[in-house]
Structure formats: C-alpha cells, structure tokens
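Each remark here refers to the structure printed beneath this line.
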Amino acid sequence: MCFASNALAQDESAPPPLKMISKTERMQLAEKTQPKEYTVLALQLMDTRLRSAEKLSTDENYSLMYAELGGFQALMDTTLSFLLKSRSDEGRQLNSLKKFEIGLRTFSPRLEGIRRETPSNFEHYVKYLIRYVSDTREKAMQPFFSDTVISN
C-alpha cells in the first residue's frame with residue numbers, strides 16, 4: 001500500500017508553466033516594427049530561452065527549465081500573432097512567416113533532446129510543446145495557401 005501511493009505521487013505531472021515574456025524581452029520586441037527585424041529578434045530570444053532550458057535540464061533544475069520553456073512558448077505565440085497581424089506589405093509578411101517557420105524547425109529536435117532527459121512528471125508539457133511547435137509552424141504556413149482553399 002505504501003509503495004502504491006509513492007508510485008502514484010511520482011506519476012503526477014507537474015502543472016504547465018506560465019507563458020510569460022520578460023519585461024526586457026517585451027521592450028526589445030516593441031522596438032521592432034518591421035516584420036523581418038521582429039522575426040530575427042524573436043528567434044534569437046527563443047533560442048536563448050531554449051539554450052537556457054537545455055542547460056537547466058542538464059543541471060536537473062526542472063522547475064526553472066519549465067519557466068524557460070513557458071517563456072519560449074510565449075515568445076512563439078507573440079511572434080506568430082505579430083506576423084499574422086502585420087499587413088504593411090504582404091510580401092514582407094510572407095517572407096517573415098517563412099523565416100519564422102524555418103527557424104521553428106530547428107527547435108523541435110532540441111526539445112526532443114530535453115524530453116529524453118526529463119523525468120516523467122515533467123515530460124508531459126515538453127511533449128505538448130513539441131506538438132505545439134509543429135502546430136505553430138503549420139499556422140505560419142497557412143497564409144501561403146489561403147487563396148487555394150475552397151470554402152464549404
């Protein structure tokens with residue numbers, strides 16, 4: 001009986017982290033008004049967050065790793081939203097969306113590496129985040145095909 005309750009406690013997943021962007025990141029992004037500049041900076045900030053999460057995972061500091069991954073997801077959401085709303089020049093918007101999608105491709109294998117090293121109670125969110133990156137890539141590509149879709 002004691003072993004069963006101990007095993008159940010270990011199987012409980014940690015709650016997902018808060019999706020928050022730091023004040024510094026928010027200010028840096030606010031300075032960028034052109035989609036290309038915004039995309040380049042956002043991908044750099046996301047890379048920094050992911051690099052930090054990889055290091056924290058190696059150091060077995062999973063709570064802080066979670067916080068970094070939450071910031072990573074928040075940056076991804078903010079960037080996609082900014083790019084989909086920017087309609088100054090459709091060609092520039094599409095180029096930035098393409099750059100963003102290509103940048104997101106590099107993050108999935110790194111997240112998979114984190115997932116392999118993460119204990120099972122923290123693994124659920126990392127798996128979710130890997131799928132979320134894939135879904136975000138798909139959303140970034142939708143404007144390229146919007147004219148070819150036939151409505152029901």
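Computed values, structure above
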{"quantity": "Residue tally, condition of a type in the set (Val, Ile, Thr) and in contact (Cβ under 8 Å) with a residue 60 or more places away in the chain, over the range 12-58", "calculated": "1"}
{"quantity": "Failed item, numbered, when Ile150 is tested on (1) modelled with pLDDT under 90; (2) surrounded by 13 or more Cβ atoms within 10 Å (Cβ to Cβ); (3) more than 22 Å from Ser13 (Cα to Cα)", "calculated": "(2)"}
{"quantity": "Flag for Ala30 being surrounded by 20 or more Cβ atoms within 10 Å (Cβ to Cβ) and part of a helix (DSSP H, G or I)", "calculated": "no"}
{"quantity": "Candidate set: the range 105-122, residues that are assigned to a helix (DSSP H, G or I) and free of Cβ contacts under 8 Å to residues at least 60 places away in the same chain; chosen: the one nearest to Arg137 (Cα to Cα)", "calculated": "Arg105"}
{"quantity": "Qualifying residue in the range 34-46 (condition: closer than 19 Å to Pro16 by Cα, in a loop (DSSP other than H, G, I, E, B) and either over 15 Å from the mean Cα position of the chain (by Cα) or not aliphatic (A, V, I, L, M) (or both))", "calculated": "no"}
{"quantity": "Matching residues, the range 64-95, being at pLDDT 90 or above and among the small types (Gly, Ala, Ser)", "calculated": "Ala67, Gly70, Gly71, Ala74, Ser81"}
{"quantity": "Qualifying residue in the range 76-86 (condition: under 15 Å from Pro17 (Cα atoms) and in a helix (DSSP H, G or I))", "calculated": "yes"}
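Residue-wise test of (1) farther than 18 Å from Arg26 by Cα; (2) surrounded by 17 or more Cβ atoms within 10 Å (Cβ to Cβ).
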{"site": "Thr39", "(1), (2)": "no, yes"}
{"site": "Leu43", "(1), (2)": "no, yes"}
{"site": "Ala53", "(1), (2)": "yes, yes"}
{"site": "Gly71", "(1), (2)": "no, yes"}
{"site": "Leu75", "(1), (2)": "no, yes"}
{"site": "Gln93", "(1), (2)": "yes, yes"}
{"site": "Gly113", "(1), (2)": "yes, no"}
{"site": "Tyr128", "(1), (2)": "yes, no"}
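The values are calculated or read from the model by the stated rules, or taken from the named source; none is laboratory data. Since the structure is predicted, the reported quantities are computational estimates derived from the model, not experimental observations. In this analysis, Cβ positions are derived from the backbone assuming ideal geometry, glycine residues included, and neighbour counts consider all displayed protein chains.
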